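Everything on this sheet refers to the single structure shown next.
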Amino acid sequence: MVEKLICGIDIGSSKIATIVAVRSTQSQELQIIGFNSTSSRGVRRGLIVDIDEVTGSVEESVERAERMAGHKISSAYVSVGGPHISSLNSHGIVAVGNPTAEIAEDDVLRVIEAARAISLSSSQHIIEVIPRDFIVDGQSGIKNPVGMSGVRLEVDTHIITASSTNLKNIDRVLSDLGIKNQGFVFSGLSSSLSVLTTTEKELGVVAVDIGGGKTDICIYVDGSLSYSSSIPIGARHITNDIAVGLRVSLDSAEKIKLFLSKNVKKKLPKIDLSALKIPENISEVSSKTLIDEIINSRLYEIFKLIFEQIEKSGFATNVPSGLVITGGGSLTTGILETGKKVIGLPVRLGFPTGITGLIDEVIDPQYASTVGLILYGERFKMEEGVGFKNFNRLIKDFSLTTPVKKIKDFIKQFIP
Ligand SMILES: Nc1ncnc2c1ncn2[C@@H]1O[C@H](COP(=O)(O)OP(=O)(O)OP(=O)(O)O)[C@@H](O)[C@H]1O
Ligand SMILES: [Mg+2]
């Protein structure tokens with residue numbers, strides 16, 4: 001029997017993907033019952049540039065996923081990414097309300113709220129506040145301080161912000177379609193939820209989602225999300241380079257790119273493209289030109305930019321697990337070798353995990369952030385009419401590796 005639906009809408013630069021999952025009462029697993037991916041219109045580098053076009057493609061994708069699931073989608077988690085994303089780590093301190101007694105839920109809410117009090121330009125909006133570590137009377141490394149005794153409570157949080165205009169535009173798209181927005185989720189964060197292992201996060205790892213128009217980066221150190229960013233370059237740039245380099249149309253270039261990643265396993269001096277029957281009548285191309293000169297130079301540039309972000313984060317020496325690359329762009333031919341060479345760390349491909357059901361199509365790096373949306377929703381979904389009594393369940397859920405979007409909403413309900 002269906003207990004509750006969890007839906008996600010992943011608004012990407014190349015595709016809009018809608019996913020519907022249930023947690024059945026029989027099994028504890030999250031089961032996918034509806035899925036659709038439709039090509040995206042009106043999105044550039046993660047930013048909505050044409051609301052009507054985006055609304056049209058989201059509507060198409062949602063309707064198809066609804067039909068497959070046999071359920072109407074009335075609310076959904078929605079991804080947001082692109083270079084307008086920024087992050088910072090903020091510290092909050094409060095005096096414990098009743099120092100003779102135990103630290104209460106209210107103290108935790110107050111300290112998180114204190115950490116949220118950052119100065120932010122009016123064009124940016126906080127979308128995520130994740131506690132990384134609680135500190136009680138100077139003792140750090142505490143996951144849940146409720147019930148401990150102390151006089152001073154501190155918290156280290158990771159805060160992600162996004163462009164207010166873009167968030168408003170996404171809200172417009174959803175409200176025009178009569179869908180309630182249950183929360184914005186940074187696409188890099190949702191990808192990392194579906195592809196990273198706990199061990200990787202604990203050792204220190206960089207999750208990289210190379211999409212069509214942008215690349216999202218999330219760095220975990222000591223199990224906690226510590227840096228988030230998004231750079232305006234993606235796999236579509238590789239297609240452009242192939243089009244320019246071989247003088248073919250973008251359509252033909254895209255076909256060649258996909259063909260290479262699926263069919264060229266061994267590097268030979270010449271690549272036979274005759275099976276593609278592209279209108280430009282190219283039947284053969286040299287590997288050196290296509291792979292080394294065109295594709296690898298762009299990959300090299302993408303990894304250089306990723307490397308710059310890792311350096312900028314200040315965590316370059318804290319990520320021995322290396323890079324887990326995902327997103328459609330991670331399927332580009334030769335990417336692992338180039339990545340290892342440029343970054344000097346291990347690089348593996350990340351496939352989404354943690355789900356069952358209609359999953360064959362979904363277990364693809366392109367849908368890492370799509371699957372992550374329902375994992376996020378499942379972890380943080382609060383019952384309607386939540387009260388303080390649910391707080392303990394919530395705080396238990398937010399181990400240091402988990403985001404607390406819902407805590408944020410919860411705080412909003414109770415803090416004037
Ligand atoms: N098998 C493949 N080989 C090479 N590239 C691929 C393959 N499959 C998909 N891609 C590329 O991945 C890109 C799309 O990736 P993805 O679906 O993750 O993007 P998106 O989520 O729509 O965009 P973004 O996250 O940047 O807003 C396209 O450029 C596509 O060409
Ligand atoms: Mg994406």
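Only the coordinates and a few stated rules stand behind these numbers; no lab work does. Treat the numbers as computed from the prediction; the structure is a model and nothing was measured. When we count neighbours, we look across all protein chains shown, and the Cβ atoms used for this are built from the backbone with ideal geometry, even at glycine.
What the Cβ-Cβ distance of Val151 and Lys312 gives, at R0 = 41 Å and to the nearest 0.05, is a FRET efficiency of 0.65.
With respect to the chain, whose longest principal axis is taken over its alpha-carbon atoms, helix 296-313 is tilted by about 20°. Taking the C-alpha atoms only, the angle from helix 236-246 to the longest principal axis of the chain is near 10 degrees. The three principal axes of the Cα atoms in the stretch 1-67 give end-to-end lengths of 43, 21, 14 Å, sorted in falling order. Neighbour counts of C-beta atoms inside 10 Å place Val264, Val43, Val185 in the sequence Val264, Val43, Val185, starting with the fewest.
Gly211: net charge of surrounding residues, Cβ under 15 Å, Lys/Arg +1, Asp/Glu -1, itself excluded? Please list the in-between numbers first.
Working: positive: Lys15, Arg44, Arg45, Lys214, Arg236, Lys257, Arg298; negative: Asp10, Asp209, Asp216, Glu254, Asp364.
That works out to +2.
Report note on the peptides 73-84, 211-222, 358-369: ranked by the mean count of other C-beta atoms within 10 Å, highest first, their order is 211-222, 73-84, 358-369. Here the Gaussian network model covers the chain, with springs between Cα atoms less than 10 Å apart; of Phe303, Phe259, Phe134, Phe259 fluctuates the most. Once Rh is set to the Kirkwood radius over Cα pairs, what Stokes-Einstein translational diffusion coefficient, in µm²/s, holds for the chain at a temperature of 20 °C and a viscosity of 1.002 mPa s? D, rounded to a whole number, is 96 µm²/s.
Spin-label pair His71-Asp137: with each label point 7 Å from Cα along the Cα-Cβ axis, the two points sit 4.7 nm from one another.
So what is the relative contact order of the chain, in percent, for Cα pairs below 8 Å that sit 6 or more residues apart? Relative contact order of the chain: 19 percent.
Name the shape class, rounded, prolate or oblate, that the alpha-carbon gyration tensor gives for the stretch 149-277, where a ≥ b ≥ c are the square roots of its eigenvalues, rounded holds for a/c under 1.5, and otherwise prolate holds if a/b is larger than b/c and oblate otherwise.
On the way: a/c = 3.18, a/b = 1.71, b/c = 1.86.
It comes out oblate by the Cα gyration axes.
Full extension of the chain between Ile118 and Lys304 yields a length gain of 63.9 nm, computed as 0.36 nm times the residue separation minus the alpha carbon distance. Taking 0.36 nm per residue of sequence separation and removing the Cα-Cα distance, the Asp50/Gln28 pair yields an extension gain of 3.9 nm. For the stretch 1-152, the gyration tensor built on C-alpha atoms gives an oblate shape. Its axis ratio a/c (a ≥ b ≥ c) is at least 1.5, and a/b is not larger than b/c.
Give me the extension gain from Leu268 to Lys180: residue separation times 0.36 nm, minus the current Cα-Cα distance, reported in nm with one decimal.
On the way: separation 88, 0.36 × 88 = 31.68 nm, distance 5.22 nm.
Going from the current span to full extension adds 26.5 nm.
Set the Förster radius R0 to 25 Å, insert the Cβ-Cβ distance between Ala275 and Ile359 as r into 1/(1 + (r/R0)^6), and round the FRET efficiency to 0.05. Result of the calculation: an efficiency of 0.30. With both labels modelled 7 Å from their Cα along Cα-to-Cβ, the Ala101 to Asn240 distance reads 6.0 nm. May I ask which of Lys262/Lys304; Lys277/Lys304; Lys214/Lys277; Lys255/Lys312; Lys180/Lys340 have a Cα-Cα span longer than 32 Å here? As for pairs spanning more than 32 Å Cα to Cα, those are Lys277/Lys304; Lys255/Lys312; Lys180/Lys340.
A DSSP coil position with no more than 16 other Cβ atoms inside 10 Å describes none of the GluC sites (Glu not before Pro) in the stretch 176-257.
Bridge orientation summary for the chain: considering DSSP beta bridges with both residues in this region, about 80 percent are antiparallel. From the square roots a ≥ b ≥ c of the eigenvalues of the alpha-carbon gyration tensor of the stretch 233-284, which class results: rounded (a/c under 1.5), prolate (a/b over b/c), or oblate? In terms of gyration-tensor shape, oblate. For the chain, the longest principal axis of the alpha carbon atoms and the long axis of helix 368-380 meet at an angle near 10°. Using Cβ point charges alone (K and R +1, D and E -1), the dipole size of the chain about the Cα centre works out to roughly 620 debye. Asp156 sits among other residues whose Cβ lies under 13 Å from its own Cβ, and their net charge, with Lys and Arg +1 and Asp and Glu -1, is 0. Using the Cβ-Cβ distance between Ser287 and Thr197 with R0 set to 41 Å, the FRET efficiency works out to roughly 0.75. For the stretch 251-359, the equivalent ellipsoid built from the Cα gyration tensor has semi-axes of 30, 19, 11 Å, listed from largest to smallest.
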